[in-house]
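Engineer: Below is the structure I would like to discuss, written out as structure tokens.
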Amino acid sequence: MGARIFGDGLPGGCVVFPGENICPVTTPTNSTSESSTMTSPLLRVPSRFMTQVLPGMLFCFAFLFTSLVGAKDAHRPPKNNSSQVEDFDSIKLFTLTNTNGMTIKVTNFGAMITSIIVPDRNGKFDDVALGYHRVEDYINAVSKPYFGAIVGRYANRIANAEFPLEGKTYSLAKNDGNNHLHGGTIGFDKVVWDAKFDPSKNRIELSYLAKDEEEGYPGNLQISATYTLTDDNTIVVDYRASTDKATPVNLTQHTYFNLKGEGEGTILEHQLMINARHYTPVDKTLIPTGEIQSVAGTPFDFTATKAIGRDIAKDHPQLKFGGGFDHNWVLDKDGKEGKLTLAARVYEPRSGRLLVVHTTEPGMQFYCGNFLDGRLRGKSGKAYVRRGGFCLETQHFPDSPNQPTFPSTILQPGNTYESQTTFHFPVP
């Protein structure tokens with residue numbers, strides 16, 4: 001079922017040096033891979049976890065992503081289909097490589113994509129996903145950017161951190177001002193998922209059981225997120241979920257991309273097309289107003305390809321609310337609701353890299369890294385500057401549990417939540 005862990009900084013008075021102030025991992029796991037023991041700084045566990053599962057004990061875990069992305073040679077993977085797994089007790093790092101040399105790395109901590117290594121037009125391989133070498137950097141990151149994670153139980157925001165369902169009002173954690181964001185204090189990005197690794201299919205299936213009332217949500221929710229790397233340079237993300245009580249479900253993949261390479265400045269010159277003629281405007285707290293408005297004549301019109309930075313500084317109230325683009329676009333499904341259709345294309349002129357996104361979801365949150373501010377330094381050691389990465393978060397609309405005119409996100413017992421998104425990197 002996976003395990004819940006959380007830390008928003010190291011314990012008070014704890015000065016960590018290699019080999020000091022550490023304890024072995026004790027998290028149970030159902031992973032099919034063998035494991036080896038690594039150690040890392042002591043972390044704090046929520047009191048309710050301690051009282052329910054490990055009374056009187058601090059939960060320690062950890063690991064060091066010593067080989068997430070190594071030296072520059074790691075950006076030139078061998079051109080053969082190979083899959084590897086590196087074990088750190090209950091935390092694991094999986095490497096998938098296809099016949100073209102494209103490589104992705106995934107950890108079962110937060111179901112995160114930690115690395116996406118793809119070639120440019122000259123055959124030079126670079127990592128285009130923002131992230132870190134070490135798990136403690138993910139946990140201690142200021143502003144909690146959710147780099148590479150699967151977020152839920154409800155991706156995006158829920159107004160006033162509450163929603164009505166079947167005659168009852170459910171109260172959630174207020175972790176974004178007065179609102180609820182990305183599943184709460186300990187969302188799916190902060191838990192250890194179980195892992196089933198299938199090298200023959202270049203696939204890793206991650207699963208987690210979110211218990212009834214976890215983060216305030218009703219129902220025991222069994223979820224899985226499966227990553228598959230194909231030989232045409234596509235990352236296929238498949239989601240499934242079932243529940244024993246009615247509950248809202250909205251999952252998304254939260255990778256930040258910079259097609260020049262992570263840490264290589266801003267993404268403002270990237271050329272973006274979004275397959276959407278409408279978007280959902282928001283109030284000053286980024287909660288949808290309930291309207292669905294046309295993008296025509298606004299900075300939100302990406303129906304024709306344009307630079308991300310072209311209109312981002314225009315005097316528009318919605319841009320002021322988000323500090324730039326941080327909005328949900330209503331994808332043009334053309335009668336193919338629930339089917340895999342085009343969501344977006346992004347082209348980076350300097351490298352020649354192209355990213356094409358398809359999804360079965362009705363919406364996509366385009367976020368251009370407005371809250372990055374240079375304090376975070378990633379795998380390359382370079383600062384992640386403001387607008388140094390963008391996210392294409394395919395999902396249902398924000399605050400849908402409180403918006404009766406939006407597509408429903410309520411999963412009923414006996415039904416199965418299924419969703420798919422693909423990230424394709426055509427060879428330049």
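Values quoted throughout were computed directly from the atomic coordinates according to the rules given, and no laboratory measurement underlies them. Remember, predicted model here, so these are calculated numbers, not experimental data. So basically every Cβ, Gly included, is an ideal-geometry build from the backbone, and we count neighbours across all protein chains shown.
Engineer: Using the crude model of +1 on Lys and Arg Cβ and -1 on Asp and Glu Cβ, and no other charge, please compute the dipole size for region 271-424 relative to its Cα centre, in debye to 20.
Structural biologist: Working: 18 positive and 15 negative charges, 174 e Å.
The dipole of region 271-424 has a size of about 840 debye.
Engineer: So if the hydrodynamic radius of region 269-345 is defined as the Kirkwood radius over C-alpha pairs, what does Stokes-Einstein give as its diffusion coefficient at 4 °C and 1.567 mPa s, in µm² per second?
Structural biologist: Details: Rh = 13.1 Å.
For the chosen part, D equals 99 µm²/s.
Engineer: Once a ≥ b ≥ c are taken as the square roots of the eigenvalues of the Cα gyration tensor of region 130-194, is the result rounded (a/c under 1.5), prolate (a/b larger than b/c) or oblate (a/b not larger than b/c)?
Structural biologist: Details: a/c = 3.07, a/b = 2.04, b/c = 1.50.
Prolate shape, in that a/c is at least 1.5 and a/b is the bigger ratio.
Engineer: Here's another thing I want to ask about it. May I ask for the equivalent-ellipsoid semi-axes of region 314-428, computed as the square root of five times each C-alpha gyration tensor eigenvalue and listed largest first in whole Å?
Structural biologist: Details: eigenvalues 161, 79, 43 Å².
For region 314-428, the semi-axes come out at 28, 20, 15 Å.
Engineer: Over region 271-424, what is the relative contact order in whole percent, taking alpha-carbon pairs under 8 Å and six or more residues apart? Could the numbers behind the result be given before it?
Structural biologist: On the way: 304 pairs, mean separation 33.5, N = 154.
The value is 22 percent.
Engineer: If we count other beta carbons within 10 Å of each Cβ, what is the order of 268, 96, fewest first? Could the numbers behind the result be given before it?
Structural biologist: Values: 268 18, 96 25.
Ascending number of Cβ neighbours within 10 Å: 268, 96.
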